[in-house]
1. Identify the residues of region 125-144 with backbone N under 19 Å of a label point that sits 7 angstrom from the Cα of residue 87 along the Cα-to-Cβ direction, or state none.
2. So how much slack lies between residue 102 and residue 130, counting 0.36 nm per residue of separation and subtracting their Cα-Cα distance, in nm?
3. For region 1-142, with only Lys/Arg (+1) and Asp/Glu (-1) charged at the beta-carbon, what is the dipole magnitude about the Cα centre, in debye rounded to 20?
4. Strictly greater than 26 Å: what percent of every Cα pair in region 16-151 meets that?
Amino acid sequence: MPEVPTPVEPVDPGRQLWVATEEITMDRVRRYAQVSGDTNAIHLDAVAAAEAGLSAPVAHGLLILGIVVRHADDWVRGRGGRITGCDTRFVRPVYLVDHSVTLFVTAHLVGAGHIAATASVLADDGSTHRAILRPVRISYSDGRPDDARAYGHTRR
């Protein structure tokens with residue numbers, strides 16, 4: 001039986017794919033520490049963070065990256081695809097002060113199979129953003145039969 005081609009959205013570089021906000025709280029960081037096994041005190045204790053030269057405990061970088069990639073995964077899987085890689089660099093920490101921190105996550109299409117996502121911390125007034133990652137470069141396969149190699153399969 002012949003394969004039915006998967007419909008493919010037209011590539012529109014620059015098209016915004018999503019905008020989301022996420023609350024980062026000490027409780028969320030504690031839960032991440034427990035699940036990940038990264039219980040470094042700079043993430044959990046203000047005194048330890050201060051002794052390390054930080055103004056407050058900091059959220060785990062991989063927690064922040066995981067949030068960004070989860071949004072990308074939702075978008076990609078909704079189109080029948082799969083994430084095949086990502087790359088970024090952390091530029092500043094997410095400090096956890098007396099209240100939650102609002103993470104602003106957005107992404108746009110760079111080209112076929114490539115997304116650029118950003119994560120910023122909103123200022124207390126909600127109007128300005130402070131980038132915490134360089135744009136996350138996310139690559140994905142759209143799930144079409146000619147993308148089988150991206151899934152680790154070979155065509156027969």
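1. Inside the label zone: 133-142.
2. 9.0 nm
3. That gives region 1-142 a dipole magnitude of about 280 debye.
4. Counting pairs separated by more than 26 Å, the tail of P(r) holds 29 percent.
Here, each number is a calculation from the coordinates, and none is a lab measurement. Small disclaimer: the values here were computed from a predicted structure and weren't measured. Glycine gets a Cβ as well: all are built from the backbone with ideal geometry, and neighbour counts include every protein chain shown.
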